[in-house]
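These notes are about the structure you will find just below.
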Amino acid sequence: MAFRPGTPCGLTTYIRVPRLTSFVLKYNRILLKLSGEALMGQQQYGIDATRLMQYAEEIKAVAATGTQVAVVIGGGNIFRGVQAEAFGLDRVQGDYMGMLATVINSMALQSALEKLDVNTRLLSGVTIQRVCEPYIRRRALRHLEKGRVVIFGAGIGSPYFTTDSAASLRAIEIEADVVLKGTRVDGIYTADPEKDPTAVRYPEITFDEVMEKNLNVMDMTAFTLCKENNLPIIVFDMNKEGNLQRLLDGESVGTLVSMHGSEAYRSARPSTLQPAVKSTPDQQA
Ligand code: UDP
């Protein structure tokens, strides 16, 4: 918001007025990472229209509160580079195919958001002139400041990386306050909750503890980027309706991974940890 009074000498003075929302929001700017697989819903492949619209509605609600929203979507529902190797194809070629898959998902999300009258911009790490803007950091920042939902397609634009790495890197570049990793489980557990019924959820945990315990949060490149840049990650269940907003409202949703964690965690006894919440079949993706 800019106040623009004329001055007696004919010059124009701009006075920056901070957004009122910045005083009340817990996170001003978020980077939401969605996996391609989550977009499949109950299908074996591709995009589930209901799931796509659910995500778009949740993003719309959050953006309407004044939170600046950037999104990275994976491509696992369409293609992953490692699959190319399994077919006997070239890995690098496969990775580019995977990146293009993320652009397809990004275009679908952009379209779903626009259907809901949300202003969006799709910025791609691989130049595809006809359908999206190239990724330019300053341009991304400008779009966010204008309240547009920015979708980063094509990962970081280089093979041998994942969209988790893209999420971490872009979040650092745009100075996001947090990476929100939307998954089909409601956080990080002491063990795989689908295999071990005694598994409990960590409400909070430190980067070091994740490494010590060899817990699977993101791939190591993505995780290290967050750790070295002190960028918190929240792993949460994006398939549970309203979870994204609840999380931003400050409710204890998912698991927060940060530099310091909390005292509650450090002296964690099982009673301070949360029991496993199994996803119902229709929440799984
Ligand atoms: N990819 C890549 N570089 C990137 C991001 C993605 O090469 O910066 C390729 C890689 O082959 C990856 C695929 O795109 O497997 C799809 O992304 P990802 O596996 O991260 O999707 P998700 O698991 O989140 O659905």
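What follows draws every value from the coordinates through simple rules; no lab data is involved. Predicted model only: the values in this text are computed from it and were never measured. No Cβ is skipped: glycine too gets one built from the backbone with ideal geometry, and neighbour counts run over all protein chains shown.
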Report task. Tell me which residues come under 5 Å, amide H to amide H, from Ser124 once H is placed; ignore anything under 5 positions away on its chain. Result -> Glu133, Tyr135, Gly153
Query raised in the report: With contacts defined as alpha carbon pairs under 8 Å and 6 or more residues apart, what's the relative contact order of region 26-283 in percent?
Result: 20
Report summary line: region 122-153 scanned against label point 7 Å out from Leu89 along Cα→C-beta; backbone N under 15 Å for none
Report task. Could you pull the Rg and Dmax for region 84-223, using just the Cα atoms, both in Å? Result -> 17.4, 51
Query raised in the report: Can you flag which of Lys33/Lys227; Lys33/Lys195; Lys146/Lys240; Lys146/Lys181 are past 20 Å Cα-Cα?
Result: Lys33/Lys195; Lys146/Lys240; Lys146/Lys181
Query raised in the report: Considering only region 26-283, what is the antiparallel percent among its DSSP beta bridges, to the nearest 5?
Result: 20
Query raised in the report: How many nm is it between the label spots at Ser158 and Arg184, if each spot is 7 Å from the Cα in line with the beta carbon?
Result: 3.2
Query raised in the report: Where Lys and Arg each count +1 and Asp and Glu each count -1, what net charge lies around Asp117 among other residues with Cβ under 13 Å from its Cβ?
Result: +1
Report task. Subtracting the Cα-Cα distance from 0.36 nm times the residue separation, let me have the gained length for Lys26 to Asn119 in nm, one decimal. Result -> 31.2 nm
Query - Globularity index of region 26-283, i.e. its alpha-carbon radius of gyration over 2.2 N^0.38 Å - result: 0.97
Report task. Calculate, for Glu194 and Asn229, the FRET efficiency according to 1/(1 + (r/R0)^6) with r their C-beta to C-beta distance and R0 30 Å; round to the nearest 0.05. Result -> 0.45
Query raised in the report: Quick one: Cα centre-to-centre distance for region 102-150 and region 166-207, in angstrom?
Result: 25
